[in-house]
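The values are calculated or read from the model by the stated rules, or taken from the named source; none is laboratory data. From a predicted model like this one, the values you see are computed outputs, not experimental measurements. In this analysis, Cβ positions are derived from the backbone assuming ideal geometry, glycine residues included, and neighbour counts consider all displayed protein chains.
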Amino acid sequence: MAVYTHLSAEDLSDLIGQYDVGELVSAKGIAEGVSNSNWLIETAGGEAGSRFILTMYERHIDLADLPFFLDLLDHLAARGCPVPRTIHDRSGAASRKIGGKTVALIEFLPGLSVDAPTPAQARSAGEALAGMHLASRDYGGRRANTLGPAGVAALFDSCEGRLGEIDPALPALVADHMPKLAGNWPDTLPQGIAHTDLFPDNVLVEGDRVNAMIDFYFACHETLAYDLATTHLAWSFERGTGQFRPDVGRALVEGYETVRPLSDEERAALPFLAKAAALRFIATRSYDWLFTPADALVTRKDPMEFVQRLLFYDEAGPKAFA
């Protein structure tokens, strides 16, 4: 989340007035993430709650995919998954236009995102992820993974040969690992709707339990084990030091398997899939590091953090998931 576009108080008040949520009381920009502009909205006098997240879609999202994302939230919420529902305007639309850009209002769910998740929180996240995989089996929407091997390669290409500005060793590492990613994707494993971005800051917890999974804007039809490997990559390393936390990683996978057991083939593929996910985040973070506007209210994230994780999985192999 972030704020790239500034809206006046009048603009925001007029926009919120199109929903049956009461009158706008406050709107606070959220300075996290790298893809969209977001505000925490508070209202008074409505019947649909008083706190919401307003998202303006800025980057990395094809607006033609927006119905897929928003309908998916409603589908999962209706099946009891811990996800926020979409707030529809008075005409029934899930999104609107303002200033030539598309926005959506999403239910606010309480909870905290944690920097250092406990094994119990990781176990709950694994259970929630597996529950989402099962609950979405009858979802009719379909979206390809635009950040699969071809998309990651294209994103590296769009960095215009500037990866060495981030770290002198980065171009060689990408040149070494990208061919392995492109030529070995395990596309015969079970597939379904995957979140693909379930970092701890996209999960809100209350105590040890997950209360909300948020930010589904990279969701797609993908190998389900890839989603688990991506979440393992996101949860199992200490922020700052990059130290691997085997208790957290183990709890995440165990929690997942209490809801949806893995096949032997899926488990064997996890190390490769974790490295594929690491390359994906190296690519997205590299692009954002090089091209995020200097005046954007956003904190750039270091792509080298995921180089360290890629090298860890490369060395540890199956032991990383034991």
(request) Hey, could you check region 253-280 for residues that are touching a residue at least 40 places away in the same chain (Cβ under 8 Å) and among the charged types (D, E, K, R) and say which is surrounded by the fewest Cβ atoms within 10 Å (Cβ to Cβ)? (result) Glu265
(request) Give the residues of region 287-322 that are in a helix (DSSP H, G or I), surrounded by fewer than 19 Cβ atoms within 10 Å (Cβ to Cβ) and out of contact with any Gly (no Cβ under 6 Å at 6 or more places or on another chain), sorted by residue number. (result) Leu290, Phe291, Met304, Glu305, Leu311, Asp314, Glu315, Ala316, Gly317, Pro318, Lys319
(request) Could you run through region 151-175 and say how many residues are closer than 30 Å to Phe69 by Cβ, exposed (fewer than 13 other Cβ atoms within 10 Å of the Cβ) and hydrophobic (A, V, I, L, M, F, W, C)? (result) 1
(request) Kindly list the number of the only condition in (1) in contact (Cβ under 8 Å) with a residue 40 or more places away in the chain; (2) of a type in the set (A, V, I, L, M, F, W, C); (3) over 25 Å from His133 (Cα atoms); (4) out of contact with any Asp or Glu (no Cβ under 7 Å at 6 or more places or on another chain) that fails for Phe321. (result) (3)
(message) I'm checking my understanding of the structure. Among residues of region 62-84 that are among the charged types (D, E, K, R) and at pLDDT 95 or above, which one is nearest to Met132 (Cα to Cα)?
(response) Arg79
(request) Scan region 180-205 residue by residue and report those that are closer than 18 Å to Glu265 by Cβ and surrounded by 22 or more Cβ atoms within 10 Å (Cβ to Cβ). (result) Ala194
(message) So Ile87 passes all but one of these: (1) over 18 Å from Val205 (Cα atoms); (2) under 18 Å from the mean Cα position of the chain (by Cα); (3) crowded, with 21+ Cβ neighbours inside 10 Å. Which condition number does it fail?
(response) (2)
(request) Could you grab me the full set of residues in region 103-114 that are more than 16 Å from the chain's Cα centre (by Cα) and closer than 14 Å to Ile16 by Cα? (result) Val103, Ala104, Leu105, Glu107
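Of the residues Ala128, Ala104, which single one is outside any helix (DSSP H, G or I) and crowded, with 20+ Cβ neighbours inside 10 Å?
Sole residue among the options that is outside any helix (DSSP H, G or I) and crowded, with 20+ Cβ neighbours inside 10 Å: Ala104.
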(request) Could you please find all residues in region 230-252 being surrounded by fewer than 19 Cβ atoms within 10 Å (Cβ to Cβ), touching a residue at least 24 places away in the same chain (Cβ under 8 Å) and not in a helix (DSSP H, G or I)? (result) Glu238, Arg239, Gly242, Phe244
(message) With the structure loaded, tell me whether Thr284 is among the polar types (S, T, N, Q), in a helix (DSSP H, G or I) and either closer than 28 Å to Gly29 by Cβ or modelled with pLDDT of 95 or more (or both) or whether it fails that test.
(response) yes
(request) For Arg123, state whether it is in the same structural domain as Thr284 (by TED's automatic domain parsing), crowded, with 16+ Cβ neighbours inside 10 Å, within 30 Å of Val253 (Cβ to Cβ) and not hydroxyl-bearing (Ser, Thr, Tyr). (result) yes
(message) Tell me the residue from Val203, Val210 that is over 15 Å from Leu273 (Cβ atoms) and in contact with a Ser or Thr (Cβ under 6 Å, 6 or more places away or on another chain), please.
(response) Val210
(message) Tally up the residues in region 86-102 that are modelled with pLDDT under 95 and either within 21 Å of Asn211 (Cα to Cα) or aliphatic (A, V, I, L, M) (or both), please.
(response) 1
(message) Taking the conditions exactly as written (free of Cβ contacts under 8 Å to residues at least 24 places away in the same chain, more than 23 Å from Phe321 (Cβ to Cβ) and not acidic (Asp, Glu)), does Ala283 satisfy them or not?
(response) no
